[in-house]
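Take a look at the structure below.
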Amino acid sequence: MRLVAAALLAALTPIVGWAEDTPWAEKTHALGVFDSPPAGLQSGDQLDRLLDLGEALFAAPFTTLDGAGRPRATQAILPTKTKRPLRSAFARTSGPDANSCASCHNQPVLGGAGDFTMNVFVSEGFNNHDFDTTDPEFSNERGTNHLFGAGLIELLAREISFDLIELRRDALSQARASNAPIVTTLTSKGISFGTLTAHPSGIVDLGDISGVDADLVVRPFTQKGVVESLRQFSINAMNHHHGMQASERFGARWTGEADFDEDGINDELSGGDISALVAWQATLPAPRIWAPDSPQWQSAAAKGQTNFTAFGCATCHKMALPLNSMIFTDPSPFDGAGTLRASETADPMQIDLAQLPWAQNLVRNAQGQVMVPLFGDLKRHKMTDAEVATLGNELFSQRFVGRDTFMTAELWGVGSTAPYGHRNDLTTLDEIIRAHGGDARASRDAYIAASKSNQQEIIAYLKTLRISEVD
Amino acid sequence: MQSMSKTALASAALIATTAAADTPFTGDVPLYQEQAIEAGIDHHYTGGFEFFVGGGAASFDCNDDRLPDLFLAGGQNSAKLYINHSTTGGALAFVAGEIPTLTDVTGAYPINLDNDEHMDLIALRLGENIALRGLGGCRFETANKHFALDGGRDWTTGFSAIWEAGAQFPTLAFGNYIDRDAAGSPWGTCADNQLIRPQSDAADFSASTPLSPGYCSLSTMFTDWNNRGAFDLRITNDRQYHRGGQEQMWSLSGGGAPRLFTNRDGWQKLVIWGMGIAQTDLTGDGKPEYALSSMGDTMLQSLDAERDGDQPRYRDIAFDRGTTAHRPYTGGEVVPSTGWHTHFADFNNDARSDLFIAKGNVEAMPDFAKFDPDNLLLGDWRGQFSEQGAQAGIALDRRGRGAVVTDFNADGMLDLLVVNRDAPASLFRNLGVESADGHAPMGNFLAIELDNGAINPQAVGAKIVVKTGNLTQTHTVQIGGGHASGQIGFVHFGLGVAPRARVQIKWPDGKTSQFMRVFANNFIRIERDNPEPKYWYPQAQN
């Protein structure tokens, strides 16, 4: 854990423009230290400074002097004005609902998950944006996910997206060359995303794709899998939860205003601020499989690992996926307008995750690929059916994803982040396993049909999937 | 009391407008690079008095690659066909195609007259108008006889078409200018316009109805002005030559005999040097606003909120919105300018309508600007428009006439072709916003192609609704308007920072689709009765 508060003040004083500010000023001194996003491959020293800054911003309790609050803007990801001033500066329902990122992402440590009390209420923010009820008629209630290994997750998603897009490109080339439709199976890293049909005219029929959006971009973040990058997520969350608005989306370029939320503070988050937040999240250690001291636990976990596969859990919760490159670049190649785009930077920031201490523990396969132990498939699945509908408790689809469909939860770190389920309302692993319906029904049924000891072995195994800094 | 309120409102409006004018435009200004010659387009629109007007272009796909090809009017020069060979996201490139030799062409509109798989063309002429039947592969044949179309002998400068309710084939409207053979010509001798309804069972356009009186029209447009699903015919007229005339709108009376809207209907007399018509829905009420180009000012008409019932009574909001464009914005001449083609589109992909106006002196009228650059009025967050033609790089010293606004190289940014009188046609490639490292993309975009099926396959008259957040954009697929220029193909929408959009189609027969969910920065094909949109990928991008 980086301890930055006082140290950062001293370290950053020579390079910032707030020297005239008092050290006790009620504002976040880390804001605006970098006005522009860092460029190029970050050296060790550069990265250290960037991560210090990112952690400071992640932990900072933002104040009105920073720009916290959005009296005339809604939580929507598109800049949207409220029809009238918000009734209160904070609201646990519609937001702003938190002083800092860390106030929710803190289980078991900074950057981690959140308890049920840290749930957030997700709405599109266009209509009824100031709802003051937890009634699911107005929002989807969601637990706080941990962010450990997030950089690897985004890199995996990018590589899969590139693979799928390449398959589409090849199919279209073949169709144009042969003047006949070409049906292509969309498979990447062993994961099937269905099929598409490419026509000689350049038209692509996407009716049979599965678990991925029509543009074949894997969006790995949020429980619905609707956000493609840490950068986009950070900008969304900063506005939603804190009323801190990033200039690259809420600034004058897109809204005509430097103070879109009308709280008296212009340009609240610079491109450099967002880059620091992204860097810090992207470099959080990958959770790993913990080796318990207890021989009994070790034995149970080993059996549980076997049954995890035998019951079919690993069909979606794939234990590891191969990653070709550990170079994390920001911006993402898949972000669109309103989030800094790769095409808008001459020299995007690069971070070599392989150089980080925690990365030394990652296993590589015979091809030299890093096997990322995420226990997921970065794909969306239907999670309810007529008999098992515990997870079907939402009323809204979110950004085109149906109410009964969710991204496979990555299980790495699950041993450190109870409670469970997208609403964080299931207190045990046994409960969440039993709640699996829809596409996961067969695995759930196999678990239920298993002996009590086999079930406990699965739990023993899952409990070893921990966030590294616990031990 | 009421009077005081109006005064107060007027004062407030003036202050607001002044403030708007003083507020710098903070959005993206697209950088345009003129590259007609490099792209293979070397074309002049020339001729004597009869070709002071006209100078149109048609944009459409004639070889099924979904890239827009071009047909350019030449006046006394031959009209030309240019086939698009641009690379995706790359340099613009055209190759001259083969067409029947046609001189005296003033303008052109693409249209599928017979509902087949090939687009046809209507070439407007000084003299007989010509239907060019598409044969595929960018081959055409003259086809007036095939379509039983009497091209007449008028001086035609306007055209519009619509599939009326229940019709298999389109209704055509030809807008005519001066009757050169009438005594006293050209003053007060305006030719009648023509309405041609098809036979019920064939692409036979032999039945013509005069729309009299004509007032020397320069642009016509079928338009669903009150969003009731029926189209009437709007005509803009040139006061220079008519006597006692005015702007016109004909009611088509649901397929019945055409009837002029009059003062009794709420239509108010307006006399301008009407040159071009464009429509878009700026207010989000489903009812279009109209930009009418003229000499000295540009009208921006919106239905008057205080009108009685469903009257076609309009209020000019050009001053309020900043679109008067009444004199050149650069060059120093403080004299009126002369507007021609008008076109609403989102040139910078910020999800706001922008307005292009081709400008240029009629010939050498001393009271009007000599250097009269084309306008690029960019819409902003508040609904105001800001002139950015100079910054965008389109302020050339050429006399603009007709134009086409489309994405020639499938990069998601609208390019621009302008036909100029006695000067080379201008082809502006949109490079995106200028950045420290060259150019960068602007906002997100969406391009939508419709397939209405066997009748009216290009879905002329359909209304496309695109929703992002609380913003609703609408576009009606039209053939007509502008100045002697028409286009058909992908309909372009800027989405700003929205990563996705919901799209709904109101098909020409009034049937409304479900909302479809599509991702930004894609070309979408929506087929009637298919709830799943398809995606199209250009050659190199895939």
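Listing for the model above:
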{"item": "Cβ-Cβ under 7 Å pairs, at least 6 apart or on other chains, region B:513-532 side within 11 Å of chain A (Cβ to nearest Cβ) and touching a residue at least 60 places away in the same chain (Cβ under 8 Å), far side in a strand (DSSP E or B) and polar (S, T, N, Q)", "result": "B:A520/B:N444; B:N521/B:N444"}
{"item": "Near pairs, Cβ below 6 angstrom, 6+ apart or cross-chain, from region B:58-85 (within 15 Å of B:D415 (Cβ to Cβ)) to any residue that is of a type in the set (S, T, Y) and outside any loop (DSSP other than H, G, I, E, B)", "result": "B:S59/B:T406; B:P68/B:S59; B:P68/B:T406; B:L70/B:S59; B:L70/B:Y82"}
{"item": "Single unsatisfied condition, A:L155 versus (1) touching a Phe, Trp or Tyr at 6+ places or on another chain (Cβ under 7 Å); (2) in contact (Cβ under 8 Å) with a residue 40 or more places away in the chain; (3) hydrophobic (A, V, I, L, M, F, W, C); (4) within 14 Å of chain B (Cβ to nearest Cβ)", "result": "(4)"}
{"item": "Residue that is nearest to B:S293 (Cα to Cα) [pool: residues in region B:54-72 that are more than 12 Å from every other protein chain (Cβ to nearest Cβ) and aliphatic (A, V, I, L, M)]", "result": "B:A57"}
{"item": "Qualifying positions in region B:108-125 - crowded, with 16+ Cβ neighbours inside 10 Å, of a type outside the set (A, V, I, L, M, F, W, C) and not in a strand (DSSP E or B)", "result": "B:N112, B:D114, B:N115, B:H118"}
{"item": "Residue identified as of a type in the set (D, E, K, R), out of contact with any Pro (no Cβ under 6 Å at 6 or more places or on another chain) and part of a strand (DSSP E or B) among A:E141, A:E124, A:E159, A:E137", "result": "A:E141"}
{"item": "Residue satisfying condition, being buried (at least 23 other Cβ atoms within 10 Å of the Cβ) and within 14 Å of chain B (Cβ to nearest Cβ), within set A:A337, A:A342, A:A346", "result": "A:A337"}
{"item": "Residue match in region B:432-443 (condition: more than 13 Å from every other protein chain (Cβ to nearest Cβ), modelled with pLDDT of 95 or more and in a strand (DSSP E or B))", "result": "no"}
{"item": "Test for A:F58: is it at pLDDT 95 or above and touching a Cys at 6+ places or on another chain (Cβ under 9 Å)", "result": "yes"}
{"item": "The lone exception for B:D509 - which of (1) within 14 Å of chain A (Cβ to nearest Cβ); (2) over 17 Å from the mean Cα position of the chain (by Cα) it fails", "result": "(1)"}
{"item": "Sole residue being aliphatic (A, V, I, L, M) and touching a Lys or Arg at 6+ places or on another chain (Cβ under 9 Å), chosen from A:V204, A:V183", "result": "A:V204"}
{"item": "Qualifying positions in region A:203-212 - facing another protein chain (nearest Cβ under 8 Å) and surrounded by 23 or more Cβ atoms within 10 Å (Cβ to Cβ)", "result": "A:V204"}
{"item": "Long-range neighbours under 8 Å by Cβ, at least six apart or interchain, first residue on the phi > 0 side of the Ramachandran plot within region A:424-445, second outside any helix (DSSP H, G or I) and hydroxyl-bearing (S, T, Y)", "result": "A:N424/A:T144; A:G438/A:T384"}
{"item": "Among residues of region A:47-80, those that are within 14 Å of another protein chain (Cβ to nearest Cβ) and within 26 Å of the chain's Cα centre (by Cα), counted", "result": "8"}
{"item": "Only one of A:N324, A:N307, A:N365 that is under 18 Å from A:I160 (Cβ atoms), away from every other protein chain (no Cβ under 14 Å) and in contact with a helix residue (DSSP H, G or I) (Cβ under 8 Å, 6 or more places away or on another chain)", "result": "A:N324"}
{"item": "Those strands (runs of 3 or more DSSP E) lying entirely in region B:7-107 with at least 1 residues at pLDDT 95 or above and farther than 20 Å from B:D374 by Cα", "result": "B:57-60, B:69-72, B:80-84, B:94-97"}
{"item": "Boolean, B:V460 is away from chain A (no Cβ under 14 Å), within 23 Å of the chain's Cα centre (by Cα), assigned to a loop (DSSP other than H, G, I, E, B) and among the hydrophobic types (A, V, I, L, M, F, W, C)", "result": "yes"}
{"item": "Pairs with Cβ under 8 Å, 6+ apart, first in region B:324-338 and touching a residue at least 12 places away in the same chain (Cβ under 8 Å) and on the phi > 0 side of the Ramachandran plot, second among the hydroxyl-bearing types (S, T, Y) and not in a loop (DSSP other than H, G, I, E, B)", "result": "B:A325/B:T298"}
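The values are calculated or read from the model by the stated rules, or taken from the named source; none is laboratory data. Predicted, not measured: the structure shown is a model, and the values here were computed from it. Cβ sites come from the backbone with ideal geometry, for glycine too, and all protein chains shown count toward neighbours.
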